[in-house]
Amino acid sequence: MAHEGTRADVATAARTVATADGGARLERWFGWVDTLAFLGLLNLLVLAGTLAGGVVLGVAPALAAATVVSRTRLRGDTQRAARVFVRTWAAGFGRANLVAAPGLLAVALTGTSLLVLDGAPTALRAALAVVAGLGVVHLLLALTMDAHYDLRGPDVPRLAWAFLLRFPGAPLLLAATTALVGVVTAFVPGLLPVVSIGAWVYLCTALCLSFYAANDRHLGDPAATDPLDE
């Protein structure tokens, strides 16, 4: 009888473990689906926000709002992503264009130069590509820094540039992430209007927040409002 009782206990334990394992797998699947749905929504919101601002003036507010929404999700706070995006886009329209102007200008000028100088020497084209990359990195740092810290708008581009120079590993990681998303999208162009932009913003926001957290720990003040004035 004792032997039968032991076997029954083992069987019950095995069923419990199997149920728990199945539940964990199901939870992971739900997590992946939820994340994918969020990235798709973020992608759609960025495209809509960019078009709503006439593209030229809409891209910076759209990316800034996407950064705020991504930061909120990464912090584990609840939100209505679409509502937060629209409110942030509208309230920060002018500020976002001011903060993002240097990075966007660098990308626009170098991108145009690369198209015009199609037959230029390889060294010149490589230099222009590097400047364009720095413009993208500066844009990402400026937008995430503006969302994360309480800073004056005119100070953000300067502080983003100072951060870029002081921590060269940060721009390299951001550039690598941007290149990875670009390569994947080049192989599967259909991802661009569906998920690529959302995934790029979300991943780069996560990286920037980790940079700022590490810098704050280094300063010994996790509530620091300006990581470069110490």
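Here are the numbers:
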| item | result |
| --- | --- |
| Condition met for residue 68 (under 18 Å from residue 47 (Cα atoms) and surrounded by 16 or more Cβ atoms within 10 Å (Cβ to Cβ)) | yes |
| Those helices (runs of 4 or more DSSP H) lying entirely in segment 32-122 with at least 1 residues in contact with a His (Cβ under 8 Å, 6 or more places away or on another chain) | 59-74, 93-116 |
| Qualifying positions in segment 152-162 - open to solvent by 40 Å² or more (accessible area, probe 1.4 Å) and in a loop (DSSP other than H, G, I, E, B) | 152, 154 |
| Among (1) more than 16 Å from the chain's Cα centre (by Cα); (2) β-branched (Val, Ile, Thr); (3) modelled with pLDDT of 95 or more; (4) under 24 Å from residue 190 (Cβ atoms) - the single one residue 86 does not satisfy | (4) |
| Among (1) modelled with pLDDT of 90 or more; (2) over 26 Å from residue 42 (Cβ atoms); (3) touching a Leu at 6+ places or on another chain (Cβ under 7 Å) - the single one residue 161 does not satisfy | (3) |
| Filter result for residue 202 (buried (at least 18 other Cβ atoms within 10 Å of the Cβ), among the hydroxyl-bearing types (Ser, Thr, Tyr), touching a helix residue (DSSP H, G or I) at 6+ places or on another chain (Cβ under 6 Å) and modelled with pLDDT of 95 or more) | yes |
| Residues (open to solvent by less than 40 Å² (accessible area, probe 1.4 Å) and among the aliphatic types (A, V, I, L, M)) located in segment 179-199 | 181, 195, 197, 199 |
| Segment 155-183: number of residues that are over 14 Å from residue 144 (Cα atoms), of a type in the set (A, V, I, L, M, F, W, C) and within 16 Å of the chain's Cα centre (by Cα) | 7 |
| Matching option when the condition is out of contact with any helix residue (DSSP H, G or I) (no Cβ under 9 Å at 6 or more places or on another chain), β-branched (Val, Ile, Thr) and on the phi < 0 side of the Ramachandran plot, among 144, 88, 78, 112 | 112 |
| Contacts under 7 angstrom Cβ, first residue in segment 27-52 being under 12 Å from residue 81 (Cα atoms) and open to solvent by 60 Å² or more (accessible area, probe 1.4 Å), partner modelled with pLDDT of 95 or more and of a type in the set (Val, Ile, Thr), 6 or more apart | none |
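One line per residue, one yes/no per condition, for (1) out of contact with any strand residue (DSSP E or B) (no Cβ under 9 Å at 6 or more places or on another chain); (2) touching a residue at least 60 places away in the same chain (Cβ under 8 Å); (3) crowded, with 19+ Cβ neighbours inside 10 Å:
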| site | (1), (2), (3) |
| --- | --- |
| 98 | yes, no, no |
| 103 | yes, no, yes |
| 111 | yes, no, no |
| 145 | yes, yes, yes |
| 150 | yes, yes, no |
| 170 | yes, no, yes |
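The values are calculated or read from the model by the stated rules, or taken from the named source; none is laboratory data. Predicted, not measured: the structure shown is a model, and the values here were computed from it. Using ideal geometry, Cβ is built from the backbone for each residue, glycine included, and neighbour counts are taken over all protein chains shown. Each accessible area value is taken on the protein alone, full model and side chains, heavy atoms only, with ligands, DNA and RNA left out. Shrake-Rupley method; radii C 1.70, N 1.55, O 1.52, S 1.80 Å.
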